[in-house]
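So the structure is just underneath, and the comments pick up after that.
The values are calculated or read from the model by the stated rules, or taken from the named source; none is laboratory data. Note that the structure is predicted; figures quoted are calculated from it, not measured. Here the Cβ positions follow ideal geometry from the backbone for every residue, glycine too, while neighbour counts run over all protein chains shown. For the accessible areas, the whole protein counts, side chains as well, though only heavy atoms, and no ligand, DNA or RNA atoms are used. Shrake-Rupley method; radii C 1.70, N 1.55, O 1.52, S 1.80 Å.
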Amino acid sequence: MVADMSAANPLPIGGVFARDADTAWPRRSTAWAIVALFCVAAILSYTDRQILSLLVDPIRVDLHISDTEVGILQGVAFAVIYALAGLPLGRLADIAQRRRVLLAGVALWSIGTLACGYAPDFATLFAGRLVVGVGEAALTPAAMSIIGDLFPPHRRGLAIGVFIMGMAVGGGVAISIGGAVLGLVANGALAATPLAALAPWRAVLTLLALCGVPLLALLVFIPEPARRGALAQRPSLT
């Protein structure tokens, strides 16, 4: 995917955005392709986030953890760090290259999911869930910021709405995707692969972690759009 730029579109508003009319906007097809990629990332992040709810019983048996520890893994281990990490990562999206923030986030949550798949005990699984939470907290602020610079103001609301819809759909289909993957693994779909030696729940988490690799490969090629409006005048990290 290349940053093919078209002629500048006049903007219907003034103020700090008036000077954006002098800067070319990305081609509409390129911008929407990036939004679609962000939606895919959202679906994968929700699947990695919620898959643990399908794997509770085998994890409890294999790792000998209590119901309280299961609740901690599904709630506190992810939700608290996700909420806390969202603030500094949101600020980082304001001052750093947002593509790098996205790449780091996807890499982190994939590594965290992989660590969960190979966790020998509760403490390691807890640490892996923390890493997943930090990584996924990077997606929304960085993606929203990029989308804001891909579309002129009179189209920006629709683009953000599509991304939010993708996140909502991701939350809804994540369990279905996770269940389908678990079913495939349980039915021996990975019998001819190195993952066949793993317990099904470990194989599912490992497979989901590996799904982050093609996503990272695609995100590398998205352009870092020029910042527009008031933020464009502020110094940023490179």
Give me a count of the residues in segment 147-161 that are open to solvent by less than 10 Å² (accessible area, probe 1.4 Å) and within 16 Å of Ala24 (Cβ to Cβ). 3
Does segment 74-84 contain any residue that is part of a loop (DSSP other than H, G, I, E, B) and within 17 Å of Ser45 (Cα to Cα)? yes
Being buried (at least 20 other Cβ atoms within 10 Å of the Cβ), in a helix (DSSP H, G or I) and in contact (Cβ under 8 Å) with a residue 12 or more places away in the chain, is that true of even one residue in segment 172-180? yes
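Please indicate, with yes or no, whether at least one residue in segment 111-133 is open to solvent by 30 Å² or more (accessible area, probe 1.4 Å) and within 22 Å of Ile164 (Cα to Cα).
Within segment 111-133, none of the residues are open to solvent by 30 Å² or more (accessible area, probe 1.4 Å) and within 22 Å of Ile164 (Cα to Cα).
Residues checked against (1) surrounded by fewer than 17 Cβ atoms within 10 Å (Cβ to Cβ); (2) within 30 Å of Ala159 (Cα to Cα); (3) modelled with pLDDT under 90:
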| position | (1), (2), (3) |
| --- | --- |
| Met1 | yes, yes, yes |
| Asp4 | yes, yes, yes |
| Leu11 | no, yes, yes |
| Gly15 | yes, yes, yes |
| Trp25 | no, yes, yes |
| Ala33 | yes, yes, no |
| Phe38 | no, yes, no |
| Ser45 | no, yes, no |
| Ile59 | no, no, no |
Please work out which one of (1) more than 20 Å from Asp149 (Cα to Cα); (2) assigned to a helix (DSSP H, G or I) is the condition Asp94 fails and give its number. (1)
Condition first: buried (at least 17 other Cβ atoms within 10 Å of the Cβ) and more than 14 Å from the chain's Cα centre (by Cα). Can you find one or more residues in segment 134-144 that meet it? no
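With respect to Ala196, determine if the residue is loosely packed, with under 15 Cβ neighbours inside 10 Å, among the aliphatic types (A, V, I, L, M) and in contact with a Pro (Cβ under 9 Å, 6 or more places away or on another chain).
Taking the combined requirement at face value, the residue does not satisfy it.
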Single residue of Ile72, Ile59 found to be without any contact (Cβ under 8 Å) to a residue 60 or more places away in the chain, of a type in the set (A, V, I, L, M, F, W, C) and more than 27 Å from Glu224 (Cα to Cα): Ile72
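Given the structure, is Ile81 at pLDDT below 90 and crowded, with 17+ Cβ neighbours inside 10 Å?
no
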